[in-house]
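Peer 1: Below is one structure. I have some questions about it.
Please treat every number below as a calculation from the coordinates, not as lab data. Just so it is clear, the structure is predicted and the values come from calculations on it, not from any experiment. Because the Cβ atoms are built from the backbone with ideal geometry, glycine has one as well, and the counts that use them run over all protein chains shown.
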Ligand code: MTE
């Protein structure tokens, strides 16, 4: 297996301890604010609702219990710096995959179809300068430099990534809701779908010289799917800017859909009237549909989707409908036949 230099990797313990510190500081500031609003008589009462740290991102375990436990018991006590343990698992209790696994086992056909070789082949890929052109059926078309995208408030989102090939990982992403970007360009009423396009640069991406696929990589979402808060544009993972193999500098992450919908290295986003034809739909229409919602009941024509292999684990685990995000997204498909619309 090809490895990237250890100096390029943020050791997990440094990332995790930094998050622990950051959450601790946040909770301390919040409990100080609550205390300022409390009269001395109330000092031994439980902290007010305002002392709860900022609402966690969807898919993230709220650190509420720990934060409340750490709130000072009385105003007279000097505020001690607190240490709150930030989550290191998803909301189902499953641990993050390691940075090394996430960045050395990749699907990125523009470079190669061999997952373990993507990191090595992509390491010199030019990700700066970078622009994302957002247009089509919008009132306010706009081109964003990558630094403009980093100005959107970056949130941490801990998501399961379930590949259509039946393996999965838990990844702590940094990014921002796609909805925020779409609101800035103001979609016209006729806009019903969003079309995403990866950079086309065959001189740097040897896989794009292969005639097997219809380059560039294209993906699409229905506009209401794209506006769902779970859909993000990711710019980092494990607290570090994305590496090329992960789709630097900006990629989509749609956690309730098979991983192939989470298109990497985006340069163009267009609001359109009809469902875009994705690279995978064009390549094998009977195997890859437009929706691609994770569904243990609808098998891929060549393998079962009922179970999956979590990278780093032995054995298999059950695949969850919508990859475990049904509560947040099932409403989008009310009344639809999910077998026909696979
Ligand atoms: N985006 C582009 N441009 N090219 C690709 O080959 N592969 C997809 C998706 N996005 C792919 C892509 C597939 S099949 C999966 S499972 C995920 O990226 C994998 O993301 P990861 O390598 O970060 O785990």
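Peer 1: So, in the range 122-141, how many residues would count as being outside any loop (DSSP other than H, G, I, E, B) and either on the phi > 0 side of the Ramachandran plot or more than 23 Å from the chain's Cα centre (by Cα) (or both)?
Peer 2: First, pick out the residues of the range 122-141 that are outside any loop (DSSP other than H, G, I, E, B): 122, 131-136, 138.
Applying the additional criterion that residues be either on the phi > 0 side of the Ramachandran plot or more than 23 Å from the chain's Cα centre (by Cα) (or both) yields 136, 138.
Here the count works out to 2.
Peer 1: So, in the range 100-126, how many residues would count as being surrounded by 15 or more Cβ atoms within 10 Å (Cβ to Cβ) and away from the ligand (no atom under 16 Å from the Cβ)?
Peer 2: Going through the range 100-126 one residue at a time, the tally reaches 0.
Peer 1: Residue 272 - would you say it is within 30 Å of residue 131 (Cβ to Cβ) and either surrounded by 14 or more Cβ atoms within 10 Å (Cβ to Cβ) or in contact (Cβ under 8 Å) with a residue 60 or more places away in the chain (or both)?
Peer 2: On the way: within 30 Å of residue 131 (Cβ to Cβ): yes; either surrounded by 14 or more Cβ atoms within 10 Å (Cβ to Cβ) or in contact (Cβ under 8 Å) with a residue 60 or more places away in the chain (or both): yes.
For residue 272, the condition - within 30 Å of residue 131 (Cβ to Cβ) and either surrounded by 14 or more Cβ atoms within 10 Å (Cβ to Cβ) or in contact (Cβ under 8 Å) with a residue 60 or more places away in the chain (or both) - is met.
Peer 1: List the number of the failed condition for residue 180; all other conditions in (1) in contact (Cβ under 8 Å) with a residue 60 or more places away in the chain; (2) within 20 Å of the chain's Cα centre (by Cα); (3) on the phi < 0 side of the Ramachandran plot hold.
Peer 2: (1)
Peer 1: Also, quick follow-up: For the range 156-170, does any single residue satisfy the condition of being assigned to a strand (DSSP E or B) and away from the ligand (no atom under 16 Å from the Cβ)? So that I can check it myself, show each step before the final result.
Peer 2: Initially, the range 156-170 is screened for residues assigned to a strand (DSSP E or B), giving 156-162, 167-170.
Those left that are additionally away from the ligand (no atom under 16 Å from the Cβ): 156.
Among the residues of the range 156-170, at least one is assigned to a strand (DSSP E or B) and away from the ligand (no atom under 16 Å from the Cβ), which makes the answer yes.
Peer 1: Can I ask one more? Go through 129, 189 for me and flag whichever is surrounded by fewer than 16 Cβ atoms within 10 Å (Cβ to Cβ), more than 11 Å from the ligand (Cβ to nearest atom) and closer than 20 Å to residue 272 by Cα. Let's see the steps before the verdict.
Peer 2: Numbers: 129 fails: closer than 20 Å to residue 272 by Cα.
Checking each option against the conditions leaves just 189.
Peer 1: Is the range 239-247 home to any residue that is under 17 Å from residue 164 (Cβ atoms), surrounded by fewer than 23 Cβ atoms within 10 Å (Cβ to Cβ) and near the ligand (Cβ under 9 Å from one of its atoms)?
Peer 2: Going residue by residue through the range 239-247, those that are under 17 Å from residue 164 (Cβ atoms) are 247.
Subsequent filtering for residues that are surrounded by fewer than 23 Cβ atoms within 10 Å (Cβ to Cβ) retains none.
Checked the range 239-247: no residue is under 17 Å from residue 164 (Cβ atoms), surrounded by fewer than 23 Cβ atoms within 10 Å (Cβ to Cβ) and near the ligand (Cβ under 9 Å from one of its atoms).
Peer 1: Right, here's the next one. Does at least one position in the range 210-219 carry a residue that is free of Cβ contacts under 8 Å to residues at least 24 places away in the same chain, over 30 Å from residue 306 (Cβ atoms), part of a helix (DSSP H, G or I) and more than 11 Å from the ligand (Cβ to nearest atom)?
Peer 2: No; the residues of the range 210-219 include none that is free of Cβ contacts under 8 Å to residues at least 24 places away in the same chain, over 30 Å from residue 306 (Cβ atoms), part of a helix (DSSP H, G or I) and more than 11 Å from the ligand (Cβ to nearest atom).
Peer 1: I need a count of the residues in the range 256-282 that are out of contact with any helix residue (DSSP H, G or I) (no Cβ under 6 Å at 6 or more places or on another chain) and either part of a loop (DSSP other than H, G, I, E, B) or within 11 Å of the ligand (Cβ to nearest atom) (or both). Before the answer, list the steps.
Peer 2: Applying the first criterion (out of contact with any helix residue (DSSP H, G or I) (no Cβ under 6 Å at 6 or more places or on another chain)) to the range 256-282 yields 257-259, 261-279, 281-282.
Pick out the ones that are also either part of a loop (DSSP other than H, G, I, E, B) or within 11 Å of the ligand (Cβ to nearest atom) (or both) and you get 257-259, 261-267, 273-279.
Matching residues across the range 256-282 total 17.
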